[in-house]
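Asks: To start, I am sharing the structure in question, which I have written as structure tokens.
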Amino acid sequence: MRIDIIDRVETFHRLRDNWNAVYDADADAQLFLSWEWLAGWLPNLSTPWVILAARDDQPEDAPYVAFFPLRFEVKADAAGHLTNELKMAGSYAADYTGLIARPDAEARAIAAFVRQIRQLHWASFSVDNFRGSALRFRQLLAHFSQATFVATPLNRVNAHDQVDNAICPYAQLPPDWNAYLDTLSANTRQKIRRLLKLVDCGDAYHITHTTAATVQNDLRTLLKFWEARWRSRKGDSVEALVRSNFFMLLRSFERGLLHLPVLWHGDRPLAALATLMDARKRAFLFYITGRDETFDGPPPGLILHGHSIRHAIANGFTRYDFLRGNERYKYSFGVSEERLHCHVIATRDHRNLGGKLDPHAVAGALKLATERHQAGKLAEAEIGYRQILETAPRDDNTLHRFGQLLATKGDHRAAKRIFARLIEVRPDTFKPRLCLGQSCEALGQFSEAADAYREVARLQPDAPGIAGLLSRALLRAGRNEEALRLVASGAAAQPPIDGIPLPQDMPSASPRPPHTTAPTRAIPA
């Protein structure tokens, strides 16, 4: 079986029909692995993602029979050494993760997936919130040998309230609303009927469904209530969670995946409940709710869940999924349970497989190294830059920043070598040659510096101050006639580049001592 790596949105879009065929055939498939949800999620990820796509070797154009969406993160230890963490692509917005496969190809596809995963470069693989059969998960873990890897189960019990977030209650829905109510206790059944009658009459209370005109306001209302409830628990992460949920739910609405009823008392919003709709699997997935904690009246949560379940049944849905967490209130809705699989697989030496960063994670690694560089943590930044160049030796941004770091340290000989490599990669840009000239000046190699500055002038004739830098280098190289001709032309009167001072005494031909350090440039913000 052959594995192709899909890492471009355009390619993923072309897979829609093939993806949906596999999705429909897989009994374990769920919304967060659907083409529709991923099409709104993947293009907006801030970390690189890949989809492993499995198909038979023959014929050459055989359709794919399984897909495994993953993403990369970059981590740094205290010394600055960078490693890659492989995650499920939906984390952390998706309550469920996993893979999809045709039943007749599942075992072969999983074996091929793991062979490919072991060729990627990572130190840990977080297989978290994996929804699928116990057999599927065992097949996945079985291909990671204990000689190389350590597989550790993750505890998903919340220490604050003892909620087990690996348990997922769900209600199987019959085709008739009254038949569903008959599955509930008499007390819950009577309460739901009474509360829904309260909103159905539309006197004091009523429910609206979000539209294109109201979706942003409705989401803000929902998330404002949610934030007020959870800020004390979520702490500094609450703003990022609100922002992430807003955009994920907005994109879901745009793709026809969001059911969002809002409960009102007159003109006052009391609560909102966001549910994701999987039309292919006929499932409602309750995602997030928020209510006005100052309201003292009928229970908004019970009203909105009852309303949503009734709406789901009326529209032919067969499953109402409460997603992760075995909170007590969910069990009043006549639910069964499903358990998620949560493990982390790590290399025994805690280093990336193959000893290198994964090429897909270079941008994230550069971001971390640059942050350390800007913070003045030069030793940590240097480790990161060197790791990146082992994987991507021609990455121009890394070469530029690493050269600047070496120049800042005063290692101009090494900086010169890096800038020379950068010129090979970017021969038509002037900045690498400017940096090369500065390093050559710092080494007392004034003739080479002059040649570099002359190339800057050729590539960027109006570069401010370049004539002055060239004149200075020519004088210090003893090429006085060239320098004086340049001065006589008036070009050397231009303002300096990025604050680099021009020589005040141009006629002087006395060279700067070789050990003098030339100014260095700040790394870009």
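Coordinate-derived values only; no laboratory data. All values derive from a computational prediction rather than experimental measurement. Neighbour counts are summed over all protein chains in view; Cβ atoms, including those assigned to glycine, are modelled from backbone coordinates with ideal geometry.
Asks: How far is helix 16-25 tilted, in degrees, relative to the longest principal axis of the Cα atoms in the chain, given as a value from 0 to 90 rounded to the nearest 10?
Replies: That helix lies at roughly 40 degrees to the long axis.
Asks: Going by how many other beta carbons lie within 10 Å of each one, how would you line up CYS168, CYS201, fewest first?
Replies: Starting with the residue having the fewest Cβ neighbours, the order is CYS201, CYS168.
Asks: While we're on this one: Any idea what the relative contact order of segment 432-472 is, in percent, if you count C-alpha pairs under 8 Å spaced at least 6 apart?
Replies: Normalised by residue count, the contact order of segment 432-472 is 35 percent.
Asks: By how many degrees, between 0 and 90 and to the nearest 10, does the Cα long axis of helix 431-442 differ from the longest principal axis of the chain?
Replies: 50
Asks: Which ³J(HN,Hα) values, rounded to whole Hz and listed in residue order, are derived for segment 78-95 from phi using the Karplus coefficients 6.51, -1.76 and 1.60 in 6.51 cos²θ - 1.76 cosθ + 1.60 with θ = phi - 60°, glycine and proline given as x?
Replies: 4, 8, x, 6, 9, 10, 9, 10, 8, 10, 6, 4, x, 4, 10, 6, 7, 5
Asks: Which ³J(HN,Hα) values, rounded to whole Hz and listed in residue order, are derived for segment 99-113 from phi using the Karplus coefficients 6.51, -1.76 and 1.60 in 6.51 cos²θ - 1.76 cosθ + 1.60 with θ = phi - 60°, glycine and proline given as x?
Replies: In residue order, the calculated couplings are 9, 10, 7, 5, x, 6, 10, 4, 4, 5, 5, 5, 4, 5, 4 Hz.
Asks: Just want the ordering: HIS160, HIS259, HIS311, from fewest to most Cβ atoms lying within 10 Å of their own Cβ.
Replies: Working: HIS160 7, HIS259 22, HIS311 18.
Fewest-to-most ranking of HIS160, HIS259, HIS311: HIS160, HIS311, HIS259.
Asks: Quick check: from the Cα gyration tensor, does segment 167-339 come out rounded (a/c under 1.5), prolate or oblate?
Replies: rounded
Asks: Between ALA228 and TYR329, what is 0.36 nm times their sequence separation minus the Cα-Cα distance? Round to one decimal in nm.
Replies: Taking 0.36 nm per residue and subtracting the Cα distance, the gain is 34.3 nm.
Asks: Once you sort the root eigenvalues of the Cα gyration tensor of segment 207-256 as a ≥ b ≥ c, which label holds: rounded (a/c under 1.5), prolate (a/b larger than b/c) or oblate (the other case)? If you can, show how the numbers build up before the last one.
Replies: Values: a/c = 3.41, a/b = 1.77, b/c = 1.93.
Oblate, since a/c reaches 1.5 and b/c is not below a/b.
Asks: Would you mind ranking TRP19, TRP264 by Cβ crowding within 10 Å, fewest neighbours first? Write out the running numbers ahead of the final one.
Replies: Details: TRP19 24, TRP264 17.
The fewest-first ordering by Cβ neighbours comes to TRP264, TRP19.
Asks: To make sure I understand the rule: partners must be lysines, Cα under 23 Å from the Cα of LYS409, and not fewer than 8 residues away in the same chain. Which ones qualify?
Replies: LYS367, LYS377, LYS431
Asks: Go ahead and estimate [θ] at 222 nm for the chain from helices alone: -39,500 (n - 2.57) per DSSP H run with n ≥ 4, summed, over the residue count, rounded to 500.
Replies: Helix-only estimate at 222 nm: -13000 deg cm²/dmol.
Asks: Run down the aspartates and glutamates and flag those whose C-alpha is under 18 Å from the C-alpha of LYS330, throwing out any fewer than 8 positions away in its chain.
Replies: Answer for LYS330, where 18 Å is the Cα cut-off: ASP95, ASP161, ASP164, ASP182, ASP321, GLU338, listed by chain and number.
Asks: What lysines does LYS234 reach when the alpha-carbon gap must be under 17 Å and sequence neighbours fewer than 8 apart in one chain are set aside?
Replies: Qualifying lysines at Cα under 17 Å: LYS224.
Asks: Still on this structure, please answer the following. Can you say what percent of the DSSP beta bridges in the chain, counting only those with both residues inside, are antiparallel? Round to 5.
Replies: In the chain, DSSP labels about 90 percent of beta bridges as antiparallel.
Asks: Right, another one. Using only alpha carbon pairs under 8 Å that are at least six residues apart, calculate the relative contact order of segment 120-272 and give it in whole percent.
Replies: 19
Asks: Could I ask something else about it? Give me the number: length gained by fully extending ASP236 to GLU371, i.e. 0.36 nm times residue separation minus the C-alpha to C-alpha distance, one decimal in nm.
Replies: 46.6 nm
Asks: Separate question: Order 449-455, 476-482 from most to least packed using the mean count of other Cβ atoms within 10 Å.
Replies: Listed from highest to lowest mean packing, they are 449-455, 476-482.
Asks: Once you keep just the Cα pairs under 8 angstrom separated by 6 or more residues, what percentage relative contact order results for the chain?
Replies: 14
Asks: While we're here: From the backbone phi of segment 203-210, what are the Karplus-calculated ³J(HN,Hα) couplings (6.51 cos²θ - 1.76 cosθ + 1.60, θ = phi - 60°) in whole Hz, Gly and Pro given as x?
Replies: After applying 6.51 cos²θ - 1.76 cosθ + 1.60, I find 7, 8, 10, 7, 10, 10, 10, 5 Hz.
Asks: Using only Cα atoms and rounding to the nearest 10 degrees, what angle (0 to 90) does helix 466-476 make with the longest principal axis of the chain?
Replies: Helix 466-476 sits roughly 40 degrees off the main axis of the chain.
Asks: Scattering from the C-alpha atoms of the chain alone, worked out with Debye: what is log10 I(q)/I(0) at q = 0.06, 0.13 1/Å?
Replies: Taking Cα atoms of the chain as identical point scatterers yields -0.44, -1.20.
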